[in-house]
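What follows is calculated from the coordinates using simple rules that are stated; it is not laboratory data. Computed from a prediction, not measured in an experiment: that's the story for all the values here. All Cβ positions, glycine included, derive from the backbone under ideal geometry; neighbour counts span all protein chains shown.
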Amino acid sequence: MRRGRTFILLALILLIGAVGAFLLLSGGGGTAEEAPTPTPVGEANIVIAAQNISRGSIIAPDAAIISPYPADYKVETMLDDLGQVVGKRARMDIARGVPITENMVTDKAGDLLGVGSDASIAIPPGMTAISIPMDRFSGVAFALRTGDQVDVLVSLLLVDIDEDFQTDLPNETAFLFNAQGDLLSGFVCRAVDTNDAGDILCSIAEERPPVQGKTVIDAATDESFFVVPIGAQRPRLVSQRLISNAVVLGVGTFPLPQEEAVPVAATPVAGVGAPAGQTTEVVEAPAVVPPDIITLIVQPQDALALNWAVRAGVDLVLTLRSPNDPTAELVTESVTLQFLIDNYEITVPSKLPFGTVPRLEAPPFLFPPQLEPTPVPQQ
């Protein structure tokens with residue numbers, strides 16, 4: 001009996017103690033509640049800009065560092081490895097101390113954000129870009145791509161011209177007679193006069209202005225006359241390398257910002273195995289138009305030379321080089337007909353009392369002078 005009372009008494013004591021502890025923890029009895037100990041926030045390492053990085057520039061090793069960052073604020077696009085940043089190109093201006101994210105860097109020169117030309121970012125300081133015409137023959141059979149290194153060859157047709165008239169030689173000639181009827185030189189002039197400088201002026205026809213003549217004195221007869229050729233002057237061809245190691249910025253026309261993708265037309269045709277009366281649509285790929293222009297990165301002085309050549313209608317040909325060619329630059333020599341004969345063991349044909357029939361006037365051209373771009377269906 002006493003043992004049962006003892007258990008009841010102990011149970012009451014434990015119950016009273018539990019109630020007291022509950023009241024104490026819940027603020028009972030006017031005791032102030034203690035503040036819970038804050039849980040420390042974890043840290044993560046991210047890449048931040050150690051200096052201001054301009055849009056389009058290559059990120060140098062000292063331009064970014066690893067820095068601790070609150071883990072709760074880190075997002076999945078933030079980078080945590082310098083290898084993901086160093087050597088890449090900034091797509092936008094990045095201020096010092098800003099975390100670098102995936103969309104801020106790129107491997108492509110033209111993949112940039114913001115305003116301005118993307119093509120200009122690929123041009124090194126001190127260089128410039130210029131576009132010149134190109135066809136299948138001059139453009140290495142359309143093998144050129146952005147980033148290729150090329151040389152530019154130039155071919156000129158030179159003729160002798162009169163320094164005073166700036167016209168092709170020989171000049172038009174005429175016989176000159178004085179008032180006594182003595183022969184002075186070539187075709188008969190209606191009137192002969194002299195200018196203030198003492199030059200002879202010959203009037204051949206009333207509707208034509210007087211021609212300033214130049215006489216040639218024959219050493220044998222001591223007579224003055226003009227030598228008249230039987231044909232026009234033949235231009236003399238010379239070829240030389242004009243530009244060395246230019247970099248291709250782009251092949252063809254750069255797309256305009258407002259240009260949209262041309263929708264591909266679908267042509268309904270009778271479907272193989274389709275139910276009777278039904279057709280299937282076959283998507284036709286657009287025709288590929290060969291490029292007729294190329295843009296090169298060159299020195300400013302070379303850009304002026306190329307501009308002059310294009311405006312003068314000079315023939316330009318591109319040659320493709322090996323990428324990062326370590327070969328020392330060789331000085332080239334202008335090529336003329338005499339150079340070919342002297343250096344390539346070309347024999348000048350002998351004059352023979354016989355020839356071929358039909359007579360060969362000119363060798364056939366392997367390529368026409370002008371190659372018109374021809375659309376080629378895409379396979």
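Can you tell me which of 139-151, 313-325 comes out highest on packing, and rank the rest after it, using the mean Cβ neighbours within 10 Å?
Top of the packing list down: 139-151, 313-325.
Can you give the FRET efficiency for L158 and N324, using 1/(1 + (r/R0)^6), R0 = 41 Å, r = Cβ-Cβ distance, to the nearest 0.05?
About 0.65, to the nearest 0.05.
Starting from the Cα of I123, step 7 Å along the direction of its Cβ; do the same at Q166; then give the gap between the two resulting points in nm.
Rounded to a tenth, the inter-label distance reads 3.1 nm.
When the chain is fully extended, how far beyond the present Cα-Cα distance does D72 get from V140, taking 0.36 nm per residue of separation? The partial results should precede the final answer.
Details: separation 68, 0.36 × 68 = 24.48 nm, distance 5.70 nm.
Going from the current span to full extension adds 18.8 nm.
Give me a comma-separated list of calculated 3J(HN,Hα) values for region 124-130, in order, Karplus coefficients 6.51, -1.76, 1.60 applied at θ = phi - 60°, integers in Hz, x for any Gly or Pro.
Per residue, the Karplus-derived 3J(HN,Hα) values read x, x, x, 9, 8, 10, 9 Hz.
Net charge near N245, counting Lys/Arg +1 and Asp/Glu -1 over other residues with Cβ under 12 Å of its Cβ?
Net of charged neighbours comes to -3.
Once you have the Cα-Cα distance between N245 and A95, take 0.36 nm times their residue separation minus that, and quote the gain in nm to one decimal.
Residue separation times 0.36 nm, minus the Cα-Cα distance, leaves 50.4 nm.
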